[in-house]
1. For a paramagnetic label modelled at 7 Å from the Cα of residue 10 toward its Cβ, which residues of the range 33-57 fall within the zone defined by backbone nitrogen distances under 13 Å?
2. In terms of modelled amide H atoms, which long-range or inter-chain residues lie less than 5 Å from the amide H of residue 26?
3. As a check on your grasp of the helix formula, calculate [θ] at 222 nm for the chain: sum -39500 (n - 2.57) over DSSP H runs of n ≥ 4, divide by the residue count, round to the nearest 500.
4. Straight-line reach from residue 60: which aspartates and glutamates have a Cα under 17 Å away, not including same-chain ones fewer than 8 places off?
5. How much length would be gained if the chain were fully extended between residue 18 and residue 31, taking 0.36 nm per residue of separation minus their Cα-Cα distance, in nm to one decimal?
6. From the residues 46, 5, 28, which one has its Cα farthest along the dipole of the chain in the positive direction, the dipole being from +1 and -1 charges on Cβ of Lys/Arg and Asp/Glu about the Cα centre?
7. Give me the percent relative contact order of the range 5-56, please, defined on Cα pairs under 8 angstrom at least 6 residues apart.
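Bear in mind these aren't lab numbers, they're just calculated from the coordinates by the rules spelled out. Given the structure is predicted, the values throughout are model-derived calculations rather than measurements. Backbone-built Cβ (ideal geometry, glycine too); neighbour counts: all protein chains shown.
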Amino acid sequence: MAKKGNRVQVILECTEHKESGLPGMSRYITTKNKKNTTERLEMKKFNPVLRKVTVHKEIK
């Protein structure tokens, strides 16, 4: 079995959902290469509660 190496699992959380006041939270789990991407990830993903594509940022 191959080793993962520099690849780590990160959680992406919606930035617009907190301000909306709606219950629940949109979160996605993904992986990133820590050697190539040292800064926090920021991706556009679909938020099923708000029913639109929003910016999701990496949380600790």
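1. 33-44, 56-57, by backbone N distance to the label point.
2. For residue 26, whose amide H was placed from the backbone, the distant partners under 5 Å are 14.
3. -1000 deg cm²/dmol
4. 13, 39, 42
5. On the way: separation 13, 0.36 × 13 = 4.68 nm, distance 2.35 nm.
Taking residue 18 through residue 31 to full extension adds about 2.3 nm, to one decimal.
6. Looking along the dipole axis, the top candidate is 5.
7. 40
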